[in-house]
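Participant: One structure follows; several queries about it will come next.
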Amino acid sequence: MSAPQERTDWHAFGVACTMAFLAGATDVCGLAKLHDLFVSFMSGNTTMLGVALARHDVERFATIAGVIGLFVTGVSLGTVVAVLAHRRHMAAVSLAVGILLLVPLRWPAATTACLTLAMGALNAAMQRAGATGVSLTYVTGTLVKFGRGLGELACGRRDDPSWSLNGLLWSSLLAGAVTMTAVQTVLGADTLWPLPLMALLIAAITATSPERA
């Protein structure tokens, strides 16, 4: 007998998809500033850190290490906010992310730092969406779960359809990247105002809706 399935919390999953959209949009802005580094992809950044270390490229090493350090700091700060906010953790962290993303509109020099901190904090805002573990930046894991689900479906196993939700999360991240790229193509590569707007909208929506403890 198969184990009972955990029911999907569709409200939480919808919020996770919205946050994934914001994460994709934020990563596009970070890539525009860092060129070949991401404010989300710490696995790739760690590989680049190793390359810089092996080549004794001190300046490059310091840049990448700074990005990784800011990301971890963002996760830590987001976690603290989430713990203190209890049942309103998504709203509280989304508000903090929105404030962080407002800073570069006034002080452009802080853009990279604020984008990276915000990306880290976003990952602390949502730990689970229904039966599906959520990491807004760990896309490889999301695609692995989706691919594994497809494989099990091909073998005739339909016990747990929650794997399909990972495809929606990935699509949301992709949609955010596509949308922000289109916006910057039209309005300019330095356009950042949609990011805090999205974060504050998420905060407003989640503040008026019930959340898991």
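The values are calculated or read from the model by the stated rules, or taken from the named source; none is laboratory data. Only a predicted model underlies this, so the values are computations on that prediction, with no experimental measurement involved. Note that each Cβ is placed from the backbone with ideal geometry, even for glycine, and that neighbours are counted across all protein chains shown.
Participant: Considering only residues that are part of a helix (DSSP H, G or I) and polar (S, T, N, Q), which ones fall in the range 167-213?
Facilitator: SER171, SER172, THR179, THR181, GLN184, THR185, THR206
Participant: Pairs under 6 Å by beta carbon, first residue in contact (Cβ under 8 Å) with a residue 24 or more places away in the chain and closer than 16 Å to LEU197 by Cα in the range 101-114, partner charged (D, E, K, R) and surrounded by 12 or more Cβ atoms within 10 Å (Cβ to Cβ), six or more apart or different chains?
Facilitator: Filtered contacts from the range 101-114: THR111/LYS33.
Participant: I've got another one for you. Can you run down the residue pairs with Cβ atoms below 7 Å, 6 or more apart or on separate chains, where the first is in the range 50-75 and of a type in the set (A, V, I, L, M, F, W, C) and the partner is surrounded by fewer than 17 Cβ atoms within 10 Å (Cβ to Cβ) and assigned to a helix (DSSP H, G or I)?
Facilitator: From the range 50-75, the pairs are ALA52/ARG60; PHE61/LEU53; ILE68/THR46.
Participant: Name the pairs: first residue in the range 79-92 and closer than 15 Å to ALA207 by Cβ, second residue of a type in the set (Ser, Thr, Tyr), Cβ to Cβ under 8 Å, at least 6 apart or on different chains?
Facilitator: That search, which allows pairs on different chains as well, returns ARG88/THR206; MET90/THR206; ALA91/THR206.
Matching residues to (1) closer than 26 Å to ALA82 by Cβ; (2) buried (at least 19 other Cβ atoms within 10 Å of the Cβ); (3) among the acidic types (Asp, Glu); (4) touching a Lys or Arg at 6+ places or on another chain (Cβ under 8 Å):
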site: LEU169; (1), (2), (3), (4): yes, yes, no, no
site: THR179; (1), (2), (3), (4): no, no, no, no
site: VAL186; (1), (2), (3), (4): no, no, no, no
site: ALA189; (1), (2), (3), (4): no, no, no, no
site: TRP193; (1), (2), (3), (4): yes, no, no, no
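Participant: Among ALA62, ALA91, which is the only one that is among the small types (Gly, Ala, Ser), within 21 Å of ALA199 (Cβ to Cβ) and part of a helix (DSSP H, G or I)?
Facilitator: ALA91 is the lone residue from the list that is among the small types (Gly, Ala, Ser), within 21 Å of ALA199 (Cβ to Cβ) and part of a helix (DSSP H, G or I).
Participant: Can you tell me which residue in the range 30-48 is farthest from the chain's Cα centre (by Cα), limited to those that are surrounded by fewer than 19 Cβ atoms within 10 Å (Cβ to Cβ) and among the hydroxyl-bearing types (Ser, Thr, Tyr)?
Facilitator: This residue is THR47.
Participant: Kindly indicate which of LEU37, LEU122, LEU100, LEU115 is within 19 Å of GLY176 (Cβ to Cβ) and assigned to a loop (DSSP other than H, G, I, E, B).
Facilitator: One residue alone meets the criteria, LEU37.
Participant: Are any residues in the range 104-158 surrounded by fewer than 19 Cβ atoms within 10 Å (Cβ to Cβ) and modelled with pLDDT of 75 or more, and if so, which ones?
Facilitator: Residues satisfying the conditions are LEU105, ARG106, TRP107, PRO108, ALA109, ALA110.
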